[in-house]
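Visitor: I'd like to ask some things about the structure below.
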Amino acid sequence: MARSASRPAPLARRATNELASERLAAYAASLRFTSLPAAVVERAKLCLVDAIGCAVFGRKFPWSTMVLEEAFSTGAGGPCRVPGVIGKMLHVPQAALTMGAFAHAFEFDSLRKPGTGVHPGATVALPAFAMAEAVKARGEDLITAIVAGIEVMFRLGNATLHSPEKLGFHAPGITGPFGAAAACASLMRLSARETANAFGIAGSFAGGLLAFARSGSGGMIKRLHLGRAAESGVVAARLAQRGYEAPRAVIEGPYGVLDAFCAEQDMSLLTKGLGQSFEIETVCYKRYPCHVTAHVPVQLLRGFIAEHRFAAGDIRDIAIEASDKVLSHHDERNPTDIMLAQYSVPFCVALSAYYDPLDPGVFSEIVIRDARVRNLAKRIRLVASDSLKGWGARMKVTLNDGRSFDAGLDTWLGCPETPLSSDQFRMKFDKLTQSASSKLKYSLFDDLMQVQRFSSLEALALA
C-alpha cells in the first residue's frame, strides 16, 4: 500500500530503555489488586457489569448467532461459559470472540471520553472474564486484569489521536488486541518480557476497516471487529507464554502501530501518568443503543420534548451543529440495516422523535422502515462547526406553530463528569437481561458488584 503524502515518515528508533511498549508491559505485569484505590475497583466492576449485560442482550441477534455457531464449530468443550448461553462451553479464544461480538452487537457497550477508539467492555473486561474462568482466577485478579488492560489500551488510543479513522481504519480493531492482551497477560502471570511479546503479537493482529460506514451495506462486520480484537489479545498472550517472540517496539517503532495506522500521533501520551493516574476513570456508559456521536443530539431532543410537550408531528425543522466527523462518518439518511441506522446521527434523532430511545427494542427493522422516521431523518440539517469537537453538538428545533428551542451540550448522561446513578445503572442492566433466566436477572448484578470477594467465578449465574 502506498503511503499517503499526508502520513508521517517512519518514526525514529528510540533507545531500548525508553521503549514505551516495554514500560506498558512492565506496568501490566506488575499491577496488583492491593495497589488499586477503591474508586478504581468500583469502576472496573461497573465496566464488567455493563459488558456482561450488553453481551446477554447481544446474544439474541442473528449476527451473534452466526458468530456463536462458528465458535462452537472450532472451540467447543473448553472451560469458559458465555453469558446468556445455556449448557455449552468454549475454549478461551472462541469465548472471547463470541463475547466481544455479543457486547458490541447493538451499539450499547462502554467507551472512553474523550473518544479514542476504545471499547473497554468488549475488548478488555470480557476476554479477561473468559481467561479468568480458564485459569480459575480469583475475583480480585479479574479486577486487576481489567484495570491493567484499560490502562494500556486507553493510553494507546490517546497516542493515536483518534486518527486511524481518518485513514479508513476502525480504531477498536487496532487498540482492542492490546487491551485484551494486557488483561490476559495479567491473569496468566506473564513476565514483563512475555507481556511485551504479547503486545508485539497483538500489533500484527490489529486491523479493521471502516468500509461499512460508506458502502451502505454490511453493517454486521462492525460487531465482529470487537470480537476479533478480544480473541486476538487472548491468542497473543497464549503464544507469548509459549515463548513466541515479536517486535519490541511494536507501538512506537518504525512500521509499528503509530506509524502504520495513524494520520497523526503523540508518543508522549503512551506513558503519560502511568502509575500516577488511572485512565479507567474516563470510561463512560451509554443509555441509548446508538453511536456515541448521536447521544448529545438525542438527549437534547428528548429534553425539548419532555419540557415543552410537543409531538414528533409538530416538528417543522431540526438543525444540528456538530464536528466534521459527524458529517463524514455518521450522516446516513437511508440505512439498509440496524447497524447503519444506529451509526447515523440524523436517523437516531428522527427515531427519538417518535420512539423512546431508552428502550433498546425500538431500534428494530420495523422502526427502520417507518416512513415517518425516514422522512424526518432526510429533513434534518447537519452543519459542521469548527468550535465543536468530539461528541458535542448544538441543536435548534422549530415547530409548526413557530416556537423554537435551541441548546448545546458537550457531554451526556453516562460520561465521567455526568455519571449514571446506581439506580440508572441497575435499570440498564435489568433492561438488557429481561429475557434471561430468573437466576441471572436477580443475582448476577449484585454478585458482579462484589466479585472481588469471590475465590473463583464458578458461582456466578451466567445463563
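The values are calculated or read from the model by the stated rules, or taken from the named source; none is laboratory data. Computed from a predicted model, the values in this text were never measured in an experiment. Backbone-built Cβ (ideal geometry, glycine too); neighbour counts: all protein chains shown. Surface accessibility is based on the protein's heavy atoms, side chains included, excluding ligands, DNA and RNA. Shrake-Rupley method; radii C 1.70, N 1.55, O 1.52, S 1.80 Å.
Visitor: Give the residue that is farthest from the chain's Cα centre (by Cα), with candidates limited to residues of the stretch 430-456 that are closer than 30 Å to F310 by Cα and in contact (Cβ under 8 Å) with a residue 24 or more places away in the chain. Show your work before the answer.
Guide: Taking the stretch 430-456 as the starting set, the residues that turn out to be closer than 30 Å to F310 by Cα are 430-432.
This time we only want the ones that are in contact (Cβ under 8 Å) with a residue 24 or more places away in the chain, so: 431-432.
Working: K431: 19, L432: 16 Å.
Restricting to residues being closer than 30 Å to F310 by Cα and in contact (Cβ under 8 Å) with a residue 24 or more places away in the chain, the top hit is K431.
Visitor: Tally the residues that are exposed (fewer than 14 other Cβ atoms within 10 Å of the Cβ) and either of a type in the set (D, E, K, R) or farther than 13 Å from E133 by Cα (or both), restricting the search to the stretch 439-463.
Guide: The qualifying residues number 6.
Visitor: Within the stretch 96-104, is even one residue farther than 23 Å from F363 by Cβ, in a helix (DSSP H, G or I) and either among the aliphatic types (A, V, I, L, M) or open to solvent by less than 10 Å² (accessible area, probe 1.4 Å) (or both)?
Guide: yes
Visitor: Given (1) under 19 Å from V298 (Cα atoms); (2) open to solvent by 50 Å² or more (accessible area, probe 1.4 Å); (3) at pLDDT below 95, identify the lone condition not met by P419.
Guide: (3)
Visitor: State the number of residues belonging to the stretch 357-381 that are under 24 Å from the mean Cα position of the chain (by Cα) and in contact (Cβ under 8 Å) with a residue 12 or more places away in the chain.
Guide: Number satisfying all stated conditions: 8.
Residue by residue, here is whether (1) out of contact with any strand residue (DSSP E or B) (no Cβ under 6 Å at 6 or more places or on another chain); (2) at pLDDT below 95; (3) outside any loop (DSSP other than H, G, I, E, B); (4) crowded, with 24+ Cβ neighbours inside 10 Å holds:
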residue	(1), (2), (3), (4)
R214	yes, yes, yes, no
A230	yes, no, yes, yes
A240	yes, no, yes, yes
Y244	yes, no, no, no
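Visitor: Could you run through the stretch 28-61 and say how many residues are open to solvent by 30 Å² or more (accessible area, probe 1.4 Å) and either β-branched (V, I, T) or modelled with pLDDT of 95 or more (or both)?
Guide: Total meeting the criteria: 12.
Visitor: Has the stretch 62-71 got at least one residue that is assigned to a helix (DSSP H, G or I), free of Cβ contacts under 8 Å to residues at least 60 places away in the same chain, touching a helix residue (DSSP H, G or I) at 6+ places or on another chain (Cβ under 7 Å) and crowded, with 24+ Cβ neighbours inside 10 Å?
Guide: Yes, the stretch 62-71 contains at least one residue that is assigned to a helix (DSSP H, G or I), free of Cβ contacts under 8 Å to residues at least 60 places away in the same chain, touching a helix residue (DSSP H, G or I) at 6+ places or on another chain (Cβ under 7 Å) and crowded, with 24+ Cβ neighbours inside 10 Å.
Visitor: Right, next: Check the stretch 166-174 and report whether any residue there is within 19 Å of L274 (Cβ to Cβ), among the hydrophobic types (A, V, I, L, M, F, W, C) and without any contact (Cβ under 8 Å) to a residue 60 or more places away in the chain.
Guide: No, the stretch 166-174 contains no residue that is within 19 Å of L274 (Cβ to Cβ), among the hydrophobic types (A, V, I, L, M, F, W, C) and without any contact (Cβ under 8 Å) to a residue 60 or more places away in the chain.
Visitor: Also: Look through the stretch 130-159, keep the residues that are of a type in the set (D, E, K, R) and outside any helix (DSSP H, G or I), and return whichever of them is surrounded by the fewest Cβ atoms within 10 Å (Cβ to Cβ).
Guide: K136
Visitor: Also: Please go through the stretch 170-199 and give me each residue that is under 19 Å from the mean Cα position of the chain (by Cα) and either of a type in the set (S, T, Y) or open to solvent by 10 Å² or more (accessible area, probe 1.4 Å) (or both), ordered by number. Explain how you work it out, then say what you get.
Guide: From the stretch 170-199, those under 19 Å from the mean Cα position of the chain (by Cα) are 170-184; that's our starting set.
Across the stretch 170-199, the qualifying residue is only T175.
Visitor: Additional query: Of the numbered conditions (1) within 25 Å of R189 (Cβ to Cβ); (2) under 12 Å from the mean Cα position of the chain (by Cα), G117 fails exactly one; give the number of that condition.
Guide: Answer for G117: the failing condition is (1).
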